[in-house]
1. Apply the Karplus curve 6.51 cos²θ - 1.76 cosθ + 1.60, θ = phi - 60°, to the phi angles in segment 251-257 and return the couplings in whole Hz, x for Gly and Pro.
2. Using the reciprocal of the averaged 1/r over all distinct C-alpha pairs, how large is the Kirkwood radius of segment 126-270 in Å?
3. Rounded if a/c is under 1.5, else prolate if a/b beats b/c, else oblate: with a ≥ b ≥ c from the C-alpha gyration tensor eigenvalues square-rooted, which is segment 219-290?
4. Under the 0.36 nm per residue contour assumption, what length would be gained going from the current alpha-carbon distance of ASN222 and ALA9 to full extension?
5. Looking at segment 1-89 from every direction and averaging, what is the projected area of its Cα convex hull in nm²?
6. Per-residue HN-Hα couplings for segment 104-118, Karplus 6.51 cos²θ - 1.76 cosθ + 1.60 at θ = phi - 60°, whole Hz, x for Gly and Pro?
7. Return, ordered by residue number, the residues of segment 169-203 whose backbone nitrogen is under 18 Å from a label point located 7 Å along Cα→Cβ of SER132.
8. Given the pairs LYS179/LYS290; LYS75/LYS179; LYS47/LYS75; LYS116/LYS291, which are separated by over 30 angstrom at their Cα positions?
Amino acid sequence: ESTLGAAAAQSGRYFGTAISASRMSDSTYINIANREFNMITAENEMKMDATEPSQGQFNFTNGDRILNWALQNGKQVRGHALAWHSQQPGWMQNMSGSTLRQAMINHINGVAGHYKGKIHSWDVVNEAYADSGGGRRDSNLQRTGNDWIEVAFRTARAADPGAKLCYNDYNTDNWTWAKTQGVYNMVKDFKARGVPIDCVGFQSHFNSGSPYPSNYRTTLQNFADLGVDVQITELDIEGSGTTQAETYRKVVQDCLAVTRCNGITVWGVRDTDSWRASGTPLLFDGNGNKKAAYTATLEALNAG
Ligand code: G3I
C-alpha cells in the first residue's frame, strides 16, 4: 500500500495523526492528513479548557470541526482528553474536594455525552502518574481522593458505552521505569476489580531524556497481557535522517508484533506543526515532503 493508513489497515490497525483546527485551512497540511491517516485526534480542541470554558457552558465548535471533517472523510476519531491536571479551564483550577469531583463528573458527562457513538477510543484520564517514584502525580484531581481515576472511567462508560476507554501517559514506555510499573499496577487492579478500562495509551514522545527503549515491545505485550488493548497515541521521535527513520521502523515493528496493539498516532503532520518548538520529530518536513522516517514507517507497515 502507498499510504500509512492503508498500510496499517492490512493488519486491521489504524495509523493516525493529531490535527489542529487552526491549521485546517492550510491546504498542504489538510491534503496530507486526508491522504495518509485514518485515525484523527484533536490536538487541543476536545480538552477540558476548550470544551467547558465556563462551568456548565460547553463549547464544541472546534472539536466538532475536526470530528466532522474526519468522519466525512471516512476516518475514525480518538477523543483526547476527558480528565487531566493540565489545560483545565480557569474556573476549575482552584476547585477542590467534592465540588471538583462533581465538576469532573459533569464535564465527562457533557463531553463524552456530546460525542456519544462517534469516538473510537477516549483518553479518559491523561498523565495521572508522577514522573518518578511510581506513584500518583499530585494535582487538584488527585487530592479529591485516590478513586478519582476509577470514577472517571465509570462515568465515561455510562456516558458512551461504545467507546474504548483508555488511560494515557508518557514515559511509560520503558518497562524498568517506576512510572511504567505504577500504571501497570493500576491497570492490573482495575481489571481485577472490574473497573471499566479497555486500553492503555503510550504517548511515546521519544527524545534524549526518554529515548525509545529496547524493551518497548515487552512493555506493550505485558500491558496487553492484562487484557487491555494498547495504542501508541502521540508518537514523535527527536532526531533526523537514518537514525530517526530506523527508530520509527522499530516502533512500528513493535506494535505489529503485539496482537492487541491497535494502532499508532503521530503527534502532528509536518515538523513545523509539532508542539516541539525546535526539532524535526515527525514524518513530513516543513514543506510537506516525505522524510526518511516516513519511508521506514511505511515499509514496516507493509512488511507486517
Ligand atoms: O489557543 C491559544 C491562543 O489563543 C493563544 O494566543 C496562544 C498563546 O500562547 O496559546 C494558544 O494555546 C496554546 C495551545 O497549545 C494551542 O496552540 C497553548 O498556549 C499551548 O500550551 C498549547 O500547547 C499544547 C499542549 O499540549 C498543552 O499542554 C500543544 O499544542 C499540544 O500538542 C500538547 O499536547 C500534549 C498532549 O495533550 C498530552 N501529552 C503531551 C502533549 C505534548 O505536550
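1. Result, ordered by residue: 4, 5, 4, 5, 4, 5, 7 Hz.
2. 15.7 Å is the Kirkwood radius here.
3. Because a/c hits 1.5 or more and a/b exceeds b/c, segment 219-290 counts as prolate.
4. That works out to 74.3 nm of additional length.
5. Orientation-averaged projected area of the Cα hull: 6.4 nm².
6. The phi angles translate into 4, 4, 4, 5, 4, 4, x, 7, 5, x, 4, 9, 3, x, 10 Hz.
7. What the label zone holds, given the 18 Å backbone N cut-off, is 170-183.
8. Over 30 Å Cα-Cα: LYS179/LYS290; LYS75/LYS179; LYS116/LYS291.
Coordinate-derived values only; no laboratory data. Since the structure is predicted, the reported quantities are computational estimates derived from the model, not experimental observations. Neighbour counts are summed over all protein chains in view; Cβ atoms, including those assigned to glycine, are modelled from backbone coordinates with ideal geometry.
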